[in-house]
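Working notes, beginning with the structure itself.
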Amino acid sequence: MRLKTCALLGLLLLTTLDLSDCLQTTLRPDKGSTVTVSTELPPDQCAVCTVSGVNDTETSCHSSVSLVPEVEVKLLFNCSQPIEQAYKVTITRTIECTKDTCSPATVETQPSILTEFTRTFTWELKAPEKIVVGLNILGDGLIETTQPCPDGLQYSVATSKTNSKSQTQYCRGGSVTHLDLPNKAEVSLRVKPNTQVKSVLFQASAGPLKGRTMVITVDSTTTVVITRSPEEPECEVCSPDGSAPNCSPTEKTLTNVESLLLNFSCPKPQDVYSMKMKKTIECTKSSCTPAAGEIDPDLFKDFKRSLTWDISVPERTVLSLDIAGDGLKEMPAPDQCQDGYQYSVRTTKSDGTVKTNSYCRGGTVSHLKMLGVTTVTVEVPKGEELDKTIFTVKASRRAGRMMSVTPDPKTIITISRVTSEPDCSVCVGKEPDQKCDPKRLTLRDPRNTSVEFTCPQPQDVFSVEINREIDCTETSCSGNIVQAESSLFPDFNRTFTWDLKVLSIRSFQLDFPEAGMQQIPNQETCPDEHTYSLVTYLRTGVATIGTFCRGGTVTTVQVRYKGRVSLQVPGDRKLDPVDFKLSVGPETSMVAIVKVNLPRGVSDTDFISPNYPGDFPDKQQMQWNFTVPGMHNYSVRFLDHTAPECLNNAVAVEYQKENKKVTKLSLTDPQPAHQQGSFKMVLKNCETNRTLQGLGLKYRVSVMRSGHPVLCTVDLTKHQGVSLQIEAVGADPYCEMSINSKVEKKINVAAGTKASLSFLDCPSEDLRLTASKVIGCQNVASCSSTLLNVPKLDSCLPMPLHSFTWHVNIPMDSTIDLMSPTGSLQQSLLGQECNSSLSLHVEESDGVSVGDFCSDGTIEKLQVHANISITAKGRDFSKTKGPFLNVSFSPEIPETIIYRVTPTMSSPTLLATPNWPQGMRPFSTVSWIVTVPSMYQAQLQFVNVSQPKCNDRHTAIKVKMLGYEEEIMSRREDEEVEELLLPQSFYLNMSNCIPEEGKFGAVTKIILEKKTNFLAIILGIAGVILLLLIVLAAVCIITKKKKQDQANIESSIYIGKGSIFRPGDRHFTKARSDNESHVYASIDESMVYGHLLGDSSYADSVQDHFKSMPVDSYHTFMGPTDADLPVIKEPDPEPEMDQYRTFLDPSETFIPSRPRTPIDRQDSLGFQDRRMVDNELYTFKNTGDINTIRLSGADLEPQPLVDEVSEETL
């Protein structure tokens, strides 16, 4: 139990332990039990201590403590780790049995001991020879398992302490209630911490060992050996042999026995013995006896069995094995088959070499052909079923292989043996002139040659070398190192060689393709199994320049004088050579010059000296030319080198940069590090003591970037809904972008977040920055219009903004309205391109384009019934001021898209269907409402129309005048459209079908022109003619009147009652209402109205209120009703207006209305209007100019009558 004094006692150990947990307890092991407490942690972390002395002041700490039975001890556990996991407890007891009893007879535990830890209770069994110990399990039975027990109680039974394979795991809750165990068996129970365990688990008993008896039959061709490993429990096997049985404790061999009785001294011999069976099959060149590998399936069925067939064959004989049942699959030798069935086929050749192939069941291999003596072995696990026939075998004469070979000109083919197989030769020609050689064959003639191998698989025996010689002059070479796909020996290991030779002072040059070559250690193989090697022939011998693989930093190699290029390709590998370019190089004193293009970014590239790890040739030089990319540092580090004993001069390494001095170093000097620029490196050897180790060098050139990253912190919390996307669009693969210290190929900065960006070796022109924003509208009634502006992004971004996209989302029953804040939009089309610095691309959410637009056009409004995205692209957004577009929302429209267009006279207007020229979406509709100004008409032209073949419905092009239902034009896909001249605003509609093939789209052109008003011209001409007629008529009438006036005498004025006056008096003494100056004595009606009264239509046309009394004629005046003459008052605003309204108010008559003339001085008798003089209706006023004439006594000379009538009229 945990005690409060634990902390006090722990203080004594603070100098050695870092304590975090401790436990102090007192325990007393039971009699006969050995208790061991231990920990696997180091002593400075955990220990178990015994506490003793006065007041428990003495402690003794160890990693493991064994307790004495029946002795009480106090233990202190101190550990820096949780103690439940740090300690384990082992309680061991021994059960000793005689022939019939065991002590103790009851297998008990000590349940309360150290329950805080993992405990293992172990019982070791001891019994006399041939005595078995029986354990009866109390309580729940056991069940065999391979998994941990869920209740924390794990039983384990081992029949042998030394053989781990004999161990079996059990859990509680099964049907196993009794265990029979041999001597030295061991039973254990592992209990997890704080798990309760019963005090009594088993009852032990002892009795004689009961063995097993078997009856065995083995034929004469079969040998059966049963064996027991010494690690297994003891168990004898006996067979009758005269009067006494023949017994063996480890092995018994059986052959040619029938119904033999075998006695095993153990009850389960299959657990300790295994059976090995061997059978022989003898074959001739044509048959085998027996013809199948057969066994008795029940023979030792519950034992582990190993079945072997030794098959002997004569030379040049092929064995054919057909596997019964499921096919096999080949497995690597070390691997084991999961189901325990293991097949192996071993072939022994005549020279004693052995080839073994392993197989498992469940594959596709069902037929095997073998050469030579063959052994087939099948491993069968215990208790598994097996068919009677394992395989069938056939023998046949070994067939050779014939092939036809035609060497290329100047090519030598050499076939060489690579194995020691004695009975396979390569032959040329046909019998009886056939020549065979078991080791080598050379073909030189460029003609068809028959080659025969005396074995069926010669590719396992021989390899092929294909050689070509190439001679070079001072300027060129006669061939090229390009080996096309060759059909020669495709399944053989092939080596293609090219012998190259130039003048002794020159070099030959190999230029590799853009991917370059990589140098690898000599004798290694390339991953693609195409391994290249380059050697040079020096006076001192052959020197290997290097071994190379496809894809690396080496671009060119120059080799002096004479050399060889080799390509090794394994069998069954398709030839895919590198396209070398061969040319004559410059003069050089170097053994070779290797040109290297070091890659951008971080890289390590290894190089070796010629012949490495052998000796570099004496008094020779090797040069490497390194091209280092800009903004990169390089470092040279020697990984391995050997220094020779120089007899003359010294080994040196020289470095030189362009236009720089040579730096000379030794092998032990510090080599260049963290430098920039391309450089040359030359390795110079001295004259060496060849009896000692020579010069060798392996070094590494490391490259890293020297540039500094561009850092930028982007804060999108200032721009609501805006997100950024950055991607590299340049060809430089070493541009490195990162967001929040994580390298990404494409950066996305989510809306409303902050991000730390880094750009390393990324030119701004290779980066593309785009931004986007989502504009959503859930309810049209509550959504307000939005002006699209590009926000100002963080200035630290190293690249300009390429485009900004607004994603506008609306409900299904809504429409998006787009208008230009500066007036109107222009659709960008061929012939109507946008020249502005900013363009707007509009497309629907699924990527179907609506069109490209800019400002200052003819489109007043664009309505789209769909979710759209609007992308603004500009040369420089920092110089482009917004807003660019006004986005508003309106109720649903029937069409997909509606344009409202107002053409101008300045230039024609081009309009295109959405997604032009790809074609409209199926079943979509677009309309243009075109407003034509007054006094103008529109010419509608269809510039380009693309019609599909419809699968469902038809396409339609319709034109109607606004306000009219009648269609001016309606055309389907199979009808031609024509130009229209439209006198007023109109409506153009296009709709698509579901196309079977083709696409529907159109481009239209609208041209405005002025109308020609023929009615105005006609009316103008008629007006001019009428005016001339009126003037002519007036001239005639005036002339006629003047003639009549001269013929008439002056008229008198009638004077009735009252004062007498003369018309010649200067002044009237009475007012107009008091005198009778306006009363006529008589009027000749026939002269005045006679020409009108005869026209009955005139009378009929007079309105009714003019017919109430005859006011259009005068009667004889009888005089005034009273004696007083009317008094004339000037001016009289309305003189007797009511009586003569019909004649004096033009607004009430058939004469067109005119503004009323204000009454002024002209109303007096001293006023005369000359407009009335020549008028037919003398009482009517005219609209001509007025002249005032005073009537006085000075005017008493005789006047024409018409003048006096004019006065009376007035």
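Summary of values
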item	result
Some residue of region 419-433 being touching an Asp or Glu at 6+ places or on another chain (Cβ under 8 Å), surrounded by fewer than 14 Cβ atoms within 10 Å (Cβ to Cβ) and not in a loop (DSSP other than H, G, I, E, B)	no
Residue list for region 66-93, filter: surrounded by 14 or more Cβ atoms within 10 Å (Cβ to Cβ), hydroxyl-bearing (Ser, Thr, Tyr) and over 57 Å from the mean Cα position of the chain (by Cα)	Thr90, Thr92
Residue within region 908-917 that is in contact (Cβ under 8 Å) with a residue 40 or more places away in the chain, at negative phi, of a type in the set (Phe, Trp, Tyr) and out of contact with any Leu (no Cβ under 7 Å at 6 or more places or on another chain) present	yes
Qualifying residue in region 182-189 (condition: of a type in the set (Val, Ile, Thr), closer than 30 Å to Ser112 by Cα and at pLDDT 90 or above)	yes
Among (1) more than 23 Å from Gln523 (Cα to Cα); (2) surrounded by fewer than 20 Cβ atoms within 10 Å (Cβ to Cβ) - the single one Tyr634 does not satisfy	(2)
Residue check, Tyr537 among the aromatic types (Phe, Trp, Tyr), surrounded by fewer than 20 Cβ atoms within 10 Å (Cβ to Cβ) and not in a loop (DSSP other than H, G, I, E, B)	yes
Residues within region 601-631 that are outside any strand (DSSP E or B), of a type in the set (A, V, I, L, M) and either open to solvent by 30 Å² or more (accessible area, probe 1.4 Å) or within 16 Å of Ile520 (Cβ to Cβ) (or both), tallied	2
Single match in Thr146, Thr94 (criterion: more than 25 Å from Thr57 (Cα to Cα) and either of a type in the set (Phe, Trp, Tyr) or in contact (Cβ under 8 Å) with a residue 24 or more places away in the chain (or both))	Thr94
Selection within region 646-663 - closer than 14 Å to Val636 by Cβ and open to solvent by 30 Å² or more (accessible area, probe 1.4 Å)	Glu654, Gln656, Lys657, Thr663
Out of Ser396, Ser404, sole residue that is open to solvent by less than 60 Å² (accessible area, probe 1.4 Å) and touching a residue at least 40 places away in the same chain (Cβ under 8 Å)	Ser396
The listed residue being open to solvent by less than 30 Å² (accessible area, probe 1.4 Å), over 30 Å from Asp604 (Cβ atoms), at pLDDT 90 or above and assigned to a strand (DSSP E or B), out of Thr556, Thr497	Thr497
Sole residue being more than 60 Å from the chain's Cα centre (by Cα), under 22 Å from Thr122 (Cα atoms) and either open to solvent by 50 Å² or more (accessible area, probe 1.4 Å) or not hydrophobic (A, V, I, L, M, F, W, C) (or both), chosen from Thr36, Thr57	Thr36
Residue check for Asn740: farther than 30 Å from Glu654 by Cβ and not hydrophobic (A, V, I, L, M, F, W, C)	yes
Selection count, region 612-622, where residues are in contact with a Leu (Cβ under 9 Å, 6 or more places away or on another chain) and closer than 14 Å to Asp640 by Cα	3
Where a residue in region 563-575 is part of a strand (DSSP E or B) and its partner, wherever it lies, is open to solvent by 90 Å² or more (accessible area, probe 1.4 Å), with Cβ under 8 Å and at least six apart	Gln568/Thr525
Failed item, numbered, when Asp322 is tested on (1) in a loop (DSSP other than H, G, I, E, B); (2) exposed (fewer than 14 other Cβ atoms within 10 Å of the Cβ)	(1)
Criterion violated by Asp852 - all others in (1) open to solvent by 50 Å² or more (accessible area, probe 1.4 Å); (2) closer than 19 Å to Tyr899 by Cβ; (3) without any contact (Cβ under 8 Å) to a residue 24 or more places away in the chain; (4) not polar (S, T, N, Q) satisfied	(3)
Members of region 883-933 found to be open to solvent by less than 10 Å² (accessible area, probe 1.4 Å) and either assigned to a strand (DSSP E or B) or closer than 22 Å to Leu788 by Cα (or both), listed by number	Leu885, Val887, Ile897, Tyr899, Val901, Thr909, Leu911, Ala912, Val926, Ser927, Trp928, Val930
So Glu385, is it charged (D, E, K, R), in contact (Cβ under 8 Å) with a residue 40 or more places away in the chain, open to solvent by 30 Å² or more (accessible area, probe 1.4 Å) and on the phi < 0 side of the Ramachandran plot	yes
Identity of the residue in region 739-776, without any contact (Cβ under 8 Å) to a residue 40 or more places away in the chain and buried (at least 17 other Cβ atoms within 10 Å of the Cβ), that ends up nearest to Leu818 (Cα to Cα)	Val749
Verdict on Ser239 being hydroxyl-bearing (Ser, Thr, Tyr) and open to solvent by 40 Å² or more (accessible area, probe 1.4 Å)	no
Strands (runs of 3 or more DSSP E) contained entirely in region 817-878, each with at least 2 residues that are closer than 22 Å to Leu769 by Cβ and of a type in the set (Gly, Ala, Ser)	868-874
Output for region 115-130, where each listed residue is open to solvent by 20 Å² or more (accessible area, probe 1.4 Å) and either among the small types (Gly, Ala, Ser) or under 17 Å from Leu179 (Cβ atoms) (or both)	Glu124, Lys126
Hey, Asp326 in contact with a strand residue (DSSP E or B) (Cβ under 9 Å, 6 or more places away or on another chain) and of a type outside the set (A, V, I, L, M, F, W, C) or not	yes
Residues being part of a strand (DSSP E or B) and buried (at least 20 other Cβ atoms within 10 Å of the Cβ) - total across region 94-114	4
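Here is a yes/no grid of residues against (1) closer than 29 Å to Tyr561 by Cα; (2) in a loop (DSSP other than H, G, I, E, B); (3) open to solvent by 70 Å² or more (accessible area, probe 1.4 Å); (4) at pLDDT 90 or above:
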| position | (1), (2), (3), (4) |
| --- | --- |
| Thr442 | yes, no, no, yes |
| Pro446 | yes, yes, yes, no |
| Pro456 | no, yes, no, no |
| Asn467 | yes, no, no, yes |
| Asp471 | yes, no, yes, no |
| Glu474 | yes, yes, yes, no |
| Asn480 | yes, yes, no, no |
| Pro490 | no, yes, no, no |
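Residues are listed down the side, and each one gets a yes or a no for (1) closer than 22 Å to Asn835 by Cα; (2) at pLDDT 90 or above; (3) more than 34 Å from the chain's Cα centre (by Cα):
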residue: Asp852; (1), (2), (3): yes, yes, no
residue: Ile859; (1), (2), (3): yes, yes, yes
residue: Ile868; (1), (2), (3): no, yes, no
residue: Ser890; (1), (2), (3): no, yes, yes
residue: Pro903; (1), (2), (3): yes, yes, yes
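The values are calculated or read from the model by the stated rules, or taken from the named source; none is laboratory data. What you are looking at is a predicted structure, and each value in this text was computed from that prediction instead of being measured. Reconstructed Cβ throughout: ideal geometry from the backbone, glycine too, with neighbour counts over all protein chains shown. These area figures cover heavy atoms from the full protein model, side chains too; ligands, DNA and RNA do not enter into them. Shrake-Rupley method; radii C 1.70, N 1.55, O 1.52, S 1.80 Å.
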